[in-house]
Amino acid sequence: MEKKILYINPLHTDVFDIPYRDLLNSAKDPGTVVDVISFKGVGPTHLQYNTYNAMIMPELINQVQKAEASGYDAAVIGCFYDPGLRACREVAERMAIIGPSEASLHLAATLGENFSIIVSERKCIPEMKENVHKYGFIEKLASFESVEIKVHDFQKDHEETKRRIRAAALNAIQNKGSDVIVLGCTAEFGFYEELQEELRVPVIDPGLASFKYAEYLVELKKRFNWTHSKLIGYQSPAAEEMNKWGVFS
């Protein structure tokens with residue numbers, strides 16, 4: 001089954017594009033075509049602050065509209081904050097829109113009793129906790145664990161990154177009752193396999209989880225026509241208003 005998926009790194013830097021292209025191509029189903037993009041020009045190169053999340057919204061929505069017009073079946077918003085998830089689902093008429101946090105938490109809730117989320121810094125926790133509550137998984141949340149590593153530093157010293165994630169995960173498993181670990185940043189790629197083998201619990205990579213969830217939703221759409229409902233929460237804005245204001249054109 002042919003599936004065309006766009007992975008959007010919603011940052012004004014292409015530093016993650018090639019690594020993610022390689023990662024997703026190594027995991028894709030036969031027949032899946034995946035493209036990875038980031039934003040051009042000057043703007044936020046990380047989304048650690050709500051302010052930066054707000055700044056990238058027009059470009060993110062614009063890219064989702066372009067992707068749908070170009071025939072993509074799904075788009076993944078490549079940040080664990082799931083920025084603009086509802087807005088992008090509103091403007092997409094037929095394309096599945098996936099957030100790494102939502103996809104990872106659905107998977108974590110299926111694979112174990114309780115999960116812990118390993119975040120980059122404590123600053124992330126309040127908003128991410130709001131998302132856990134919004135997605136309906138707050139009773140499954142064992143803990144947040146912070147490794148105090150900035151987004152662009154996860155890939156600089158792999159051994160130090162693994163050491164900190166391992167220590168945080170062990171604390172969650174031994175002291176917080178967690179039996180599933182969710183890596184709470186899409187920059188934490190490349191670590192799940194070794195950690196999973198050592199910890200002997202599922203360790204969910206949010207980039208991979210969201211991409212495979214995208215493939216799954218595309219298959220559901222193509223086989224059964226199950227997709228985002230447009231009746232209530234994801235109802236699309238009026239095309240006349242969007243065209244009149246030209247905000248995302």
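No lab work stands behind these numbers, since they all come straight from the coordinates. Remember, it's a predicted structure, so these values are computed and weren't measured experimentally. Note that we place each Cβ from the backbone using ideal geometry, even for glycine, and neighbour counts take in every protein chain shown.
Quick look at the values:
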{"item": "Scaled radius of gyration (Cα, divided by 2.2 N^0.38 Å) that the chain gives", "result": "0.99"}
{"item": "Ordering of 234-242, 61-69 by burial proxy (mean other Cβ atoms within 10 Å per residue, highest first)", "result": "61-69, 234-242"}
{"item": "Filter on LYS129/LYS162; LYS129/LYS212; LYS4/LYS40; LYS28/LYS66; LYS150/LYS244 - keep pairs with C-alpha separation over 30 Å", "result": "LYS150/LYS244"}
{"item": "Signed unit charges on C-beta, dipole axis of the stretch 123-249, positive-most listed residue TYR216, MET242, SER146", "result": "MET242"}
{"item": "Size of electric dipole in the stretch 101-206: Cβ of Lys, Arg +1 and of Asp, Glu -1, about Cα centre, debye, nearest 20", "result": "280"}
{"item": "P(r) weight above 15 Å for the stretch 101-206, C-alpha pairs, percent", "result": "57"}
